[in-house]
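> Supplied in structure tokens, the structure appears directly below.
The values are calculated or read from the model by the stated rules, or taken from the named source; none is laboratory data. All figures in this text were calculated on a predicted structure; none of them were measured in a lab. Positions of Cβ are generated from backbone atoms using ideal geometry, with glycine treated the same way; all protein chains shown enter the neighbour counts. Note: areas computed on protein heavy atoms with side chains; ligands, DNA, RNA excluded. Shrake-Rupley method; radii C 1.70, N 1.55, O 1.52, S 1.80 Å.
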Amino acid sequence: MAHHVFESLAESFTREGVETCFALLGDANMNWATTLAEQSTRMIYVRHEHCAVAAATAYARKTGKVGVATVTCGPGLTQVLTALPAAVRAGIPLVIFAGEAPLGAGWYNQEIDQAPFVRATGAHYRSLHHIPRMTTEIRDAFVMARENRCPVVLGVPFDLQSQLLDAPLPQPDPSDAIMPRIAPMPAHPDDLSRIAARINAAERIVILGGLGAAAAGADPALRQLADRVGALLATTLPARGLFNGDAYSVGIAGGFSTPLARALFAKADLVLAFGCRLAQHNMDKGKLFAGVEIVQIDTHPRTISQGMVAASGHMRADAGQAAEALLALVDAKKGWRNPKLGAAIATAPSDLATFPVEPDVLDPREVVASLDAILPQEWQMVNSSGHCSFFFAHMQRPFAKFLTIREFGAIGNGLSYAIGVAAARPEETVVLFDGDGSVLMHVQELETCRRHGLNILVCVLNDGAYGSEIHKLRDEGLSDAGAVFGRTDFGQLARGFGVKGHRVNDLSMLPDLLQDFATRGGVEVWDFPTSDRVASPVVRRAHPGGHVGTEHPISLKGLL
């Protein structure tokens with residue numbers, strides 16, 4: 001029986017265990033994608049190509065699998081050039097079937113040289129131009145994505161996809177069958193002795209956990225190690241919530257640190273960074289642990305990270321293996337720990353500044369506190385990027401229930417990330433936290449959420465502007481007119497897409513709204529009109545003249 005090449009290519013993805021694909025169809029991918037759907041892969045058909053790749057990014061982070069998306073060639077491919085570097089910098093494995101212009105055409109209006117665009121983002125590009133090898137190339141793309149933790153884009157000319165074969169193409173063993181089964185990397189005994197001696201000599205230790213620690217399942221061992229040596233616990237922003245509930249966890253280390261955490265970090269004499277990249281953000285550009293000895297414990301320790309020599313010592317090891325081994329070598333000590341400090345940590349606010357009360361708008365910090373108090377702990381939370389993401393990052397939620405991907409600093413990803421999490425956790429309710437400017441960039445995806453029956457609550461902090469930009473412009477003494485747009489009525493906008501929406505002018509409305517949503521489910525938007533005068537601490541430190549708040553210094557008196 002005659003067999004199209006695209007049928008064999010779809011089978012290659014099925015053999016890779018692809019359960020979900022995020023798609024927007026066009027000439028260069030529609031036959032392949034339709035066949036993939038017929039092979040029992042769940043297809044999420046989005047309204048913009050960027051959103052297909054961004055949703056696959058969140059899906060991959062949440063499931064630990066390779067995320068899969070498909071877009072057409074030419075303009076379909078160029079639309080994903082913001083989503084790709086976000087996945088590259090977050091170290092997320094993706095395979096994207098993008099098609100290519102037909103090789104046999106003398107002219108094609110959507111033809112471009114796609115590879116340079118993709119490679120400029122840091123992603124990999126593979127042109128599949130030799131039919132007998134195409135199925136192996138697809139398998140190899142999955143290997144590359146998994147080994148390098150990166151996106152791989154496949155360019156397959158759609159005239160080659162449509163060629164007829166006498167028989168299906170041979171299929172190689174899938175990537176999972178040939179990937180090495182590697183045990184966790186233990187630490188070298190000499191390194192353990194050296195690091196244990198440093199720990200025993202230190203008085204105020206901070207244990208910092210990153211995504212590497214989360215992936216290794218190291219948090220129980222790190223908590224035990226912290227208990228033994230009296231250390232404080234903290235996380236990078238992507239791993240926030242890893243130590244949720246621990247009495248001596250001070251939350252995020254970096255630009256998003258609380259005032260109390262920043263003050264404590266300044267008193268530390270040793271930082272043990274387990275599974276951390278030691279990036280500019282979690283070091284706050286070198287200011288957070290100035291003069292403090294930092295030891296990086298990682299399977300791939302780095303000398304220079306984002307232009308900084310971030311660590312003074314290194315140990316190559318799996319985070320969990322290293323923590324368990326150190327437990328047997330270090331002396332027990334009190335360290336930081338005392339009841340007064342524990343009580344201060346439990347009640348520490350994310351921000352100490354006060355701002356004048358304004359009529360008809362809400363303080364974003366009060367909105368976040370109210371949502372944190374009322375939203376069920378078992379629901380999945382998604383934090384987007386932008387100015388408002390600081391406030392939501394301090395919610396008391398465990399790592400497994402809270403997604404943060406913001407290594408590229410791009411807004412406009414929130415709805416896509418929520419779609420990816422909803423696809424990854426179809427039995428759970430997803431809550432998206434985002435700003436008005438970000439949501440409006442891809443608001444059309446509300447229709448995607450409704451059409452696919454996703455269970456997503458969208459909470460919009462609506463300051464009527466691009467939050468970071470207005471504070472920076474004001475600090476410079478410049479007009480903010482180019483970043484102020486007025487408060488869109490997201491309740492009305494949501495209803496236009498066939499979903500429920502409410503403007504929340506009074507936080508006392510939340511219990512009734514939550515009860516109704518929890519009973520009914522589906523897609524719903526809560527629009528919170530918020531002040532455009534409440535600047536986050538991150539913005540205030542960098543642009544101290546752009547706000548009207550009053551700073552209140554933190555005191556450690558009686559806590560150490």
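> In the range 532-545, which residue that is assigned to a loop (DSSP other than H, G, I, E, B) and surrounded by fewer than 20 Cβ atoms within 10 Å (Cβ to Cβ) is modelled with the highest pLDDT?
533
> I'm checking my understanding of the structure. Among residues of the range 348-378 that are among the hydrophobic types (A, V, I, L, M, F, W, C) and open to solvent by less than 20 Å² (accessible area, probe 1.4 Å), which one is farthest from residue 532 (Cα to Cα)?
375
> Given the conditions (1) free of Cβ contacts under 8 Å to residues at least 60 places away in the same chain; (2) hydroxyl-bearing (Ser, Thr, Tyr); (3) open to solvent by 10 Å² or more (accessible area, probe 1.4 Å), report the number of the one that residue 63 does not fulfil.
(1)
> When you go through (1) surrounded by fewer than 24 Cβ atoms within 10 Å (Cβ to Cβ); (2) free of Cβ contacts under 8 Å to residues at least 40 places away in the same chain; (3) under 22 Å from residue 158 (Cβ atoms); (4) out of contact with any Cys (no Cβ under 6 Å at 6 or more places or on another chain) one by one for residue 41, which number turns out not to apply?
(4)
Yes or no, residue by residue, for (1) part of a loop (DSSP other than H, G, I, E, B); (2) open to solvent by less than 10 Å² (accessible area, probe 1.4 Å):
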| site | (1), (2) |
| --- | --- |
| 110 | yes, no |
| 118 | no, yes |
| 126 | no, no |
| 133 | no, no |
| 140 | no, no |
| 146 | no, no |
| 153 | no, yes |
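> Something else now. Yes or no: residue 458 open to solvent by less than 10 Å² (accessible area, probe 1.4 Å) and in contact with a Leu (Cβ under 6 Å, 6 or more places away or on another chain)?
Yes.
> Every residue in the range 301-321 that is small (Gly, Ala, Ser), more than 21 Å from residue 196 (Cβ to Cβ) and open to solvent by 40 Å² or more (accessible area, probe 1.4 Å), please.
Result: 307, single match.
> Working carefully through the options 75, 93, 85, 102, find the one that is open to solvent by less than 40 Å² (accessible area, probe 1.4 Å), over 25 Å from residue 146 (Cα atoms) and modelled with pLDDT of 95 or more.
Of 75, 93, 85, 102, the one residue that is open to solvent by less than 40 Å² (accessible area, probe 1.4 Å), over 25 Å from residue 146 (Cα atoms) and modelled with pLDDT of 95 or more is 102.
> Return the residue satisfying two criteria in turn: it lies in the range 477-517 and is more than 17 Å from residue 435 (Cβ to Cβ) and of a type in the set (Lys, Arg), and of such residues it is surrounded by the fewest Cβ atoms within 10 Å (Cβ to Cβ).
Across the range 477-517, the extreme among qualifying residues is 495.
> Looking at (1) touching a strand residue (DSSP E or B) at 6+ places or on another chain (Cβ under 6 Å); (2) closer than 14 Å to residue 158 by Cβ; (3) assigned to a helix (DSSP H, G or I); (4) not aromatic (Phe, Trp, Tyr), which is the one condition that is false for residue 76?
(1)
> Contact list please: Cβ distance under 6 Å, first residue in the range 167-188 and within 26 Å of residue 318 (Cβ to Cβ), second residue open to solvent by less than 80 Å² (accessible area, probe 1.4 Å) and among the aliphatic types (A, V, I, L, M), pairs at least six apart or on different chains.
Filtered contacts from the range 167-188: 175/143; 185/317; 187/315; 187/317; 187/322; 187/325.
> Right, next: Count, please, the residues in the range 179-202 that happen to be in a loop (DSSP other than H, G, I, E, B) and either touching a Lys or Arg at 6+ places or on another chain (Cβ under 8 Å) or open to solvent by less than 30 Å² (accessible area, probe 1.4 Å) (or both).
Count: 5.
> Follow-up question, since we're still on this one. Name the residues in the range 408-430 that are closer than 15 Å to residue 526 by Cβ, open to solvent by less than 10 Å² (accessible area, probe 1.4 Å) and in contact (Cβ under 8 Å) with a residue 60 or more places away in the chain, would you?
Those that are closer than 15 Å to residue 526 by Cβ, open to solvent by less than 10 Å² (accessible area, probe 1.4 Å) and in contact (Cβ under 8 Å) with a residue 60 or more places away in the chain: 415, 418.
> Also, I was wondering about something else. For residues that are open to solvent by less than 60 Å² (accessible area, probe 1.4 Å) and either charged (D, E, K, R) or more than 25 Å from residue 228 (Cα to Cα) (or both), tally how many sit in the range 284-300.
Final tally of qualifying residues: 3.
> Pairs, please: C-beta under 7 Å, at least 6 apart or cross-chain, first residue farther than 17 Å from residue 292 by Cβ and touching a residue at least 24 places away in the same chain (Cβ under 8 Å) and in the range 197-220, second open to solvent by 10 Å² or more (accessible area, probe 1.4 Å) and of a type in the set (Phe, Trp, Tyr)?
214/399
> Does at least one position in the range 162-178 carry a residue that is out of contact with any Lys or Arg (no Cβ under 8 Å at 6 or more places or on another chain), open to solvent by less than 30 Å² (accessible area, probe 1.4 Å), in a loop (DSSP other than H, G, I, E, B) and of a type outside the set (Val, Ile, Thr)?
Checked against the condition, which is being out of contact with any Lys or Arg (no Cβ under 8 Å at 6 or more places or on another chain), open to solvent by less than 30 Å² (accessible area, probe 1.4 Å), in a loop (DSSP other than H, G, I, E, B) and of a type outside the set (Val, Ile, Thr), the range 162-178 yields at least one hit.
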